[in-house]
Amino acid sequence: MIQNTIAIDGPAASGKSTAAEALAKRLDFLYFDTGVMYRAVTWAVLDQLGAVDDEDAVSQIARNIKIDVNPATVADGRPNDVLVNGRDITWEIRSAAVNAGVSPVSTYPQVRDAMTVQQRRIGVGGMVVMVGRDIGTVVMPDAEMKFFINASAEVRAQRRYKEVLERGLSERYEDILASILLRDQIDSSRTVAPLRPAADAIIIDSDHLTREEVVITLLDYWSKRDV
Ligand code: DC
């Protein structure tokens, strides 16, 4: 077991990233959102190739890409600065185009290998809350504590819709729901590292919990763990 490591997995827009960020802050751990890496690769692929279906070309980009996740330098609600080969793409990776391309990109085994190696390097250092789809099952199976945060597709779409409105963007609720359902389906059915809870994960249904209640629940489990 790797002490002081927390793995948090769950489907798109389940609130896992927000909860993980708050948990990391409370524990003074590093917050690391692995979805950002798959999104950064997808952004670079769309930028360079215009489409995500050439698996060999996508894998090559994933092997050579330089992704940096740094403390935020702009106070616009971002948790971090995300840079690809030195360029700030923090908000670009949240676009509808990246949302649509990221699940197919993350089914490619060589993309996953390249990302997993980097993620493990960060995980072995400990003092980390790592968030994704396969952290408890593949990236950090030795994490000290594993959570799987779930919520119904409708509640997740509502939350994402609210965020989109708050950022002053216009996307339809129905489109967000459809995109979430499609990503769930691709993320859960891929052959390599599919989205699923680890056998020893604590499963949290966040449908009827506020953000703060999710964080309190996680902290409660953490403080009562066997040490
Ligand atoms: O958490 P997110 O919505 O930012 O993740 C974007 C996509 O990245 C998600 O649809 C699947 C993929 N992903 C993954 O396959 N494995 C991870 N550990 C994290 C994300």
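Tabulated values for the structure
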quantity: Charged-residue dipole, Cβ positions (Lys, Arg, Asp, Glu), the chain about Cα centre, Debye nearest 20; calculated: 260
quantity: Two-site FRET efficiency, residue 225 against residue 117, from Cβ-Cβ distance with R₀ of 25 Å, rounded to 0.05; calculated: 0.35
quantity: Helix-only CD estimate at 222 nm, as mean residue ellipticity for the chain, using -39500 (n - 2.57) per DSSP H run (n ≥ 4); calculated: -15000 deg cm²/dmol
quantity: Theoretical gain in end-to-end length, residue 60 to residue 208 [0.36 nm per residue, Cα-Cα removed]; calculated: 49.0 nm
quantity: Among 96, 152, 7 the positive-end extreme of the charge dipole of the chain (Cβ point charges); calculated: 7
quantity: Inter-part distance where the stretch 163-227 and the stretch 38-97 are each reduced to a Cα centre, Å; calculated: 21
quantity: Listed residues 36, 105, 138, most fluctuating in the chain (Gaussian network, C-alpha, under 10 Å); calculated: 138
quantity: Local electrostatic count, residue 140, Cβ distance below 13 Å [Lys/Arg +1, Asp/Glu -1]; calculated: -1
quantity: DSSP beta bridge pairing in the chain, given as percent antiparallel to the nearest 5; calculated: 30
quantity: Selection from 131, 111, 86 lying farthest towards where the dipole of the stretch 1-157 points positive, charges on Cβ; calculated: 131
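Each reported figure results from applying straightforward, stated rules to the coordinates on display, with no laboratory input. What you see is a predicted model, and the numbers here were worked out from it, not measured in a lab. When we count neighbours, we look across all protein chains shown, and the Cβ atoms used for this are built from the backbone with ideal geometry, even at glycine.
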